[in-house]
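K.L.:
I have a structure here, written as structure tokens, and I will follow up with some questions on it.
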Amino acid sequence: MIQFTEEERKELKRRAERRPEVIGRLKEDVRDVMERPVTVPKEGIADWTMYFYCPKCSVQLAFGPDSPHAHRCPACGTVYTGAPYDGAWWGLVNAGNYNAAHEMGLIYAATGENAYARKCVQILLAYAKYYPDYQVHGNIPYNGPGRSGAQTLDEANFLRSLAMAFDLAGEIMTQEEREYVCERMLLPGAEFLMEHRHRQLHNHEVIISSAIAVIGILTGREDLVQAALYEKYGLLYQLEHGMLPEHLWFEGSFGYHFYALQSFFAFEKFAIHTEHSHIHHPNYLAMMEVLSNYLQPDGRMPMLNDTTWHHTDSELYLYEFAWRCRKSARLLWILNRLYQGRDRSNPEAFFYGEDTLPEVPASRAAEWTNRNYHTPVGTYGHTILHGSQGRYLLFKHDTYGGEHDHYDRLGISYMAFGKPVSADLGTTGYGAALHYDYYKNTGTHNTVVIGEENQAPAACRLLQYEEDGETVYVTAECDWTAPYEMPDSFTIVQWKKENYETVKMTRKIAWTDSCFAEAFYVDGADEALPVDWVMHLKGEVLEGRGKACRDTFSARKPFSFFRNVAPLEGGRVRTELEGVVTDLYCAPLGGEAWLAEGFDNPSTGTLNQVIIRRRGKEVCFLNVVESHQGEPVIDHVEFMQERDGSWRICVTERDGRERIFDMSV
């Protein structure tokens, strides 16, 4: 067994006696596969699991292990049959099998219970029997084909999990069985992955290379290890070139930041006792520590770009392995935050964490708790601002991240009292229609969209971060007229370059402990095109909505999903979300002001979309946002233009105090 030493296995058995509930949960996870006859496809018919979504509701269909040809939507009740749902069902069967096989191997390593190892071996032998006949198939965006599944990414996850299971349970196999699995599945699978690697930076390449490297070490194929680990675009190259200067993975999504780390660490967990481990590479520590700058008041990661609720729920347990290998106080602080309100009885802690988890001293924890953060002035990245009562604002002045980007430069994500008042929506499953049609668009983010088309790739620049008494001023720009170099990663054009190529946008935010003001300037737009400032607000509308006069806002996506459109009345929108009231004051600078209903995430819920539409070569949007419980602080807001054309915003509070924000840039 490569993954665990003899001493580590003895410790796992001691832990199993001390913490039987973890092993019990693992056994419950695999119970269905354990009790059923092994079911694997005899042909390469498994399709993309992201197709297993209701096209109307964009929620995952209910998986029935005995229902390969009928798949029900839990939201609307529709039953789907045929392609692509039946193929996606087989994809889920495969995922259930290879995940169960790996977990059965872990159970065996910790308990020595042969029944789990034998079932694991049955799964390995069943796939090895049919794998040589699996047809190459699949036509998934951004990805190569698969054999067991419909994309190379799926193939890599399938092979790596089964290879790790093989290592864990291999000692009970005969030599003939080991050769059968290696020669009919693992090695042909690794060769297939080698044929379909891409020369690009991407989380897919991390996953693919990690699978090849694991199989190479497992089978003694040094050529596979060298290619997957040390060549250009291999694991080390991805680790050293895929991290942005701010230490976030280049795709700009925390979901894929940790998805990439999951595969980096899968390899490291396997190779930790070999000469090929690089767990002490400084980029691992940097990528794990960066989350401390971004954690929301609810303890979750922000839903930037292609991040889903699944990502935010599952990936943070990687910190157990990271802390065991790198004793960083910041990693420990993140772990302490993770376990607030929840127990530590999970497999990551059991198999890859330390036996006990100390508390971070309060003096050290204060270094990272509710601390404002920004990347250096003159660079791209993010600014995170905190306030009392769970107030949080993330200002996105970053660079285009490739496939998983959402084209929302200068966007903001806002929380108050720990509630996601106007938080980034992230996305849903990629096979769901609303992924591309709705969530993955400029118009469903809190920023500006021109001509109802997605922003073209560009890099932003932080111009100002200044703490002026009780106010923090943050200014950033995105200049599409400046030279820009695309990331070293494949992309599909989903934007309209000509709408933005003459444009520079500048957003200035004035942040206080009770409210924030903003000015959003757009220079160089085509005067014939609408320039739309958009902000979504969750909760019930209490004030500001006129009589609905349109069924949809526009025929063009994502605005075609904005329904029950009404004019904005009075210059203020007031909403309430779980007792948190939010007031949005909008400057009356001409144009159109609308309030509509759009999809929340999940799409079974709704939220409010505010759209301020103006036209002109030079356009400005001025707004103030306050969230409160009980009485508001603000009495009224004035928007004042100076002789030189610059703007000031005067906020008069209920006690008569005036705050004047200089919004010039």
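The values are calculated or read from the model by the stated rules, or taken from the named source; none is laboratory data. Just so we're clear, the structure is a prediction, and the values are computed from it rather than from any experiment. Cβ sites come from the backbone with ideal geometry, for glycine too, and all protein chains shown count toward neighbours.
K.L.:
Among 86, 66, 133, which is the only one that is charged (D, E, K, R), closer than 25 Å to residue 195 by Cβ and either surrounded by fewer than 22 Cβ atoms within 10 Å (Cβ to Cβ) or at pLDDT below 95 (or both)? Full working, then the answer.
P.N.:
Details: 86 fails: closer than 25 Å to residue 195 by Cβ; 66 fails: closer than 25 Å to residue 195 by Cβ.
So the residue among 86, 66, 133 that is charged (D, E, K, R), closer than 25 Å to residue 195 by Cβ and either surrounded by fewer than 22 Cβ atoms within 10 Å (Cβ to Cβ) or at pLDDT below 95 (or both) is 133.
K.L.:
Working only within region 469-515, note down all residues that are under 30 Å from residue 387 (Cα atoms) and out of contact with any strand residue (DSSP E or B) (no Cβ under 9 Å at 6 or more places or on another chain).
P.N.:
469
K.L.:
Just to verify a result, which residue in region 273-317, among those that are over 16 Å from residue 259 (Cβ atoms) and among the acidic types (Asp, Glu), is modelled with the lowest pLDDT?
P.N.:
Residue satisfying both the conditions and the ranking: 298.
K.L.:
Let me ask you something else. Report yes if some residue within region 36-43 is surrounded by fewer than 19 Cβ atoms within 10 Å (Cβ to Cβ), without any contact (Cβ under 8 Å) to a residue 40 or more places away in the chain and more than 28 Å from residue 437 (Cβ to Cβ); otherwise report no.
P.N.:
Looking for residues that are surrounded by fewer than 19 Cβ atoms within 10 Å (Cβ to Cβ), without any contact (Cβ under 8 Å) to a residue 40 or more places away in the chain and more than 28 Å from residue 437 (Cβ to Cβ), one finds at least one in region 36-43, hence yes.
K.L.:
Collect the residues in region 392-430 that are among the charged types (D, E, K, R) and surrounded by fewer than 24 Cβ atoms within 10 Å (Cβ to Cβ), keeping them in residue-number order.
P.N.:
Once the filter is applied, which keeps residues that are among the charged types (D, E, K, R) and surrounded by fewer than 24 Cβ atoms within 10 Å (Cβ to Cβ), region 392-430 yields 403, 419.
K.L.:
Suppose we filter 169, 165 for residues that are buried (at least 23 other Cβ atoms within 10 Å of the Cβ), touching a His at 6+ places or on another chain (Cβ under 8 Å) and part of a helix (DSSP H, G or I); which single one remains?
P.N.:
That would be 165, the only listed residue that is buried (at least 23 other Cβ atoms within 10 Å of the Cβ), touching a His at 6+ places or on another chain (Cβ under 8 Å) and part of a helix (DSSP H, G or I).
K.L.:
Now, a different point. So if I check each of 468, 408, 437, which one is in contact with a His (Cβ under 6 Å, 6 or more places away or on another chain) and over 20 Å from residue 628 (Cα atoms)? Even if it seems obvious, please write down each step before you answer.
P.N.:
Values: 468 fails: in contact with a His (Cβ under 6 Å, 6 or more places away or on another chain); 437 fails: in contact with a His (Cβ under 6 Å, 6 or more places away or on another chain).
Going through 468, 408, 437 in turn, just one is in contact with a His (Cβ under 6 Å, 6 or more places away or on another chain) and over 20 Å from residue 628 (Cα atoms): 408.
K.L.:
Further, regarding this structure: Kindly provide the set of residues from region 409-437 that are among the aromatic types (Phe, Trp, Tyr) and within 16 Å of the chain's Cα centre (by Cα), ordered by number.
P.N.:
First, the residues of region 409-437 that are among the aromatic types (Phe, Trp, Tyr): 414, 417, 430, 436.
Within region 409-437, 430, 436 meet the criteria.
K.L.:
Report, ordered by the first and then the second residue, all pairs with beta carbons closer than 6 Å, sequence separation of six or more or different chains, a first member in region 554-580 that is in contact (Cβ under 8 Å) with a residue 40 or more places away in the chain and in a strand (DSSP E or B), and a second member that is charged (D, E, K, R) and surrounded by 18 or more Cβ atoms within 10 Å (Cβ to Cβ).
P.N.:
Filtered contacts from region 554-580: 577/419; 577/538; 580/419.
K.L.:
Here's a follow-up. Any chance region 146-160 includes a residue that's buried (at least 24 other Cβ atoms within 10 Å of the Cβ), β-branched (Val, Ile, Thr) and touching a Gly at 6+ places or on another chain (Cβ under 7 Å)?
P.N.:
yes
K.L.:
What are the residue pairs meeting all of these: first residue in region 355-366, first residue in the same structural domain as residue 325 (by TED's automatic domain parsing), second residue exposed (fewer than 12 other Cβ atoms within 10 Å of the Cβ), Cβ atoms under 9 Å, and 6 or more apart or on different chains?
P.N.:
Every condition considered, the pairs that remain are 355/18; 365/359.
K.L.:
Looking at residue 319 and the list (1) crowded, with 20+ Cβ neighbours inside 10 Å; (2) within 18 Å of the chain's Cα centre (by Cα); (3) over 25 Å from residue 20 (Cβ atoms), which single condition is not satisfied?
P.N.:
Residue 319 satisfies every listed condition except (3).
Quick grid of which residues meet (1) of a type in the set (Val, Ile, Thr); (2) at pLDDT below 95:
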| position | (1), (2) |
| --- | --- |
| 46 | no, no |
| 50 | no, yes |
| 56 | no, yes |
| 60 | no, yes |
| 79 | yes, no |
| 90 | no, no |
| 94 | no, no |
| 100 | no, no |
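K.L.:
Are any of the residues in region 602-620 more than 19 Å from residue 533 (Cβ to Cβ), in contact (Cβ under 8 Å) with a residue 40 or more places away in the chain, buried (at least 19 other Cβ atoms within 10 Å of the Cβ) and under 28 Å from the mean Cα position of the chain (by Cα)?
P.N.:
Start the filter on region 602-620 by keeping residues that are more than 19 Å from residue 533 (Cβ to Cβ), which leaves 602-606.
Next cut, in contact (Cβ under 8 Å) with a residue 40 or more places away in the chain only: 602-604.
Filter again for buried (at least 19 other Cβ atoms within 10 Å of the Cβ), leaving 603.
Of the ones still in play, those that are also under 28 Å from the mean Cα position of the chain (by Cα) are 603.
Among the residues of region 602-620, at least one is more than 19 Å from residue 533 (Cβ to Cβ), in contact (Cβ under 8 Å) with a residue 40 or more places away in the chain, buried (at least 19 other Cβ atoms within 10 Å of the Cβ) and under 28 Å from the mean Cα position of the chain (by Cα), which makes the answer yes.
K.L.:
Is it fair to say residue 433 is of a type in the set (Gly, Ala, Ser) and either farther than 15 Å from residue 306 by Cα or crowded, with 24+ Cβ neighbours inside 10 Å (or both)? First the steps, then the outcome.
P.N.:
Working: of a type in the set (Gly, Ala, Ser): yes; either farther than 15 Å from residue 306 by Cα or crowded, with 24+ Cβ neighbours inside 10 Å (or both): no.
No, not satisfied.
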